[in-house]
């Protein structure tokens with residue numbers, strides 16, 4: 001398994017991606033290619049007491065950098081020698097099994113679509129983060145920001161993509177798929193939700209997915225479904241609302257245990273559980289979010305990712321790359337065409 005890393009992408013580049021990649025190489029034995037300004041990458045290593053590259057790590061030089069102000073539509077043409085574009089081209093040419101970047105989301109999605117390309121029959125790639133739920137498992141959201149405006153056909157495909165991702169990557173048998181809505185009744189929602197409901201129900205009847213109907217936002221963290229289908233605008237708001245609530249709860253609990261000597265003693269007693277709780281809510285433990293529907297794994301790490309986040313992003317990239325998700329998606333999309341839903 002060979003993972004390509006955009007060493008210049010993110011708020012803390014190149015330090016975070018380089019150090020995270022080196023740690024992953026040591027812990028997991030990952031074969032890693034760091035794409036970026038070679039001299040800066042080596043300087044980061046020297047500053048951290050690392051004199052030579054490990055045998056399973058190499059550098060692919062790319063002098064340009066995609067920043068957050070670049071127009072995503074023009075990045076490939078204007079910055080062909082950027083670390084992001086070079087890395088995506090390497091993936092498309094078979095020089096690696098997955099690509100990870102914490103750079104511009106728009107540029108990465110555009111590059112993945114135009115360079116690596118979508119799976120045949122997939123109309124839109126979707127961002128599919130997996131968040132912990134009350135039941136101790138994962139809930140996958142898609143889309144969460146790649147497609148602000150969607151058609152019912154897009155949401156139908158998101159249901160299929162998410163279901164197969166849940167099976168192949170997280171081992172969830174017969175994952176429950178729910179459509180995000182403002183009520184559980186079939187008649188709820190806008191025209192988009194109503195038409196999407198019909199298509200998802202047809203896919204359920206054909207045995208393609210386990211569609212259980214509408215799901216409200218409050219039930220998502222409780223693990224009511226394994227896959228939440230939504231447009232990118234709604235999904236992004238839902239995801240960030242959950243993240244904000246988790247941050248608030250963590251801060252509130254921390255303050256409660258610092259109020260007085262008795263609360264501090266109580267904190268010592270439950271310290272192990274508190275650390276586990278904090279770890280469960282830490283985005284760095286998730287690592288990255290894949291663009292589902294692309295021919296090869298392209299994963300987006302959080303812009304503020306540190307070394308730990310990159311380390312986990314590489315672990316996740318390997319997990320996704322080892323699945324047969326692409327083959328299963330191609331088969332499911334072919335069935336959709338046969339029943340006239342594509």
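Each value in this text was obtained by applying a stated rule to the coordinates, not by laboratory testing. Given the structure is predicted, the values throughout are model-derived calculations rather than measurements. We place every Cβ from the backbone using ideal geometry, glycine too, and count neighbours over all the protein chains shown.
When the Gaussian network model of the chain links Cα atoms closer than 10 Å, the mean-square fluctuations of 165, 197, 28 top out at 28. A crude spin-label estimate for the pair residue 182 and residue 11, with each label 7 Å from Cα along the Cβ direction, gives 3.3 nm.
Working note: Debye formula, equal point scatterers on the alpha-carbon atoms of the chain, no solvent; log10 I(q)/I(0) at q = 0.07, 0.12 Å⁻¹ is -0.31, -0.86. Can you work out the FRET efficiency for the pair residue 53 and residue 117, with r the C-beta to C-beta distance and R0 = 35 Å, to the nearest 0.05? So, using R0 = 35 Å, E works out to roughly 0.65. Largest GNM mean-square fluctuation across 307, 92, 276, computed for the chain with C-alpha springs under 10 Å, falls on 276.
For the pair residue 46 and residue 170, a Förster radius of 35 Å applied to the C-beta separation gives a FRET efficiency near 0.35, rounded to the nearest 0.05. Taking 303, 38, 207 in turn, the Gaussian network model of the chain (Cα-Cα springs below 10 Å) assigns the largest fluctuation to 207.
If the segment from residue 270 to residue 153 were pulled out straight at 0.36 nm per residue, it would be longer than the present Cα-Cα gap by 37.3 nm. In plain terms, the residue of 220, 177, 35, 229 with the fewest other Cβ atoms within 10 Å comes first and the most crowded comes last, giving 220, 177, 35, 229. Helical runs assigned H by DSSP (4 residues or longer) give the chain a calculated mean residue ellipticity at 222 nm of -14500 deg cm²/dmol, each run adding -39500 (n - 2.57) before division by the residue total. Residues 44, 85 in ascending order of nearby Cβ atoms (within 10 Å, fewest first): 44, 85.
Could you list log10 I(q)/I(0) for region 125-285 at q = 0.18 Å⁻¹, which the Debye formula gives when each Cα is one point scatterer? Debye intensities relative to I(0), on a log10 scale: -1.01.
Ordering 168, 184 from the fewest to the most neighbouring beta carbons within 10 Å gives 184, 168. At an R0 of 25 angstrom, the distance between the Cβ atoms of residue 251 and residue 135 translates into a FRET efficiency of 0.55. Of interest is the spacing of the C-alpha centroids, which for region 1-41 and region 108-181 amounts to 26 Å. Express in % the proportion of alpha carbon pairs of region 144-194 at distances exceeding 13 Å. Cα-Cα pairs in region 144-194 separated by more than 13 Å: 64 percent.
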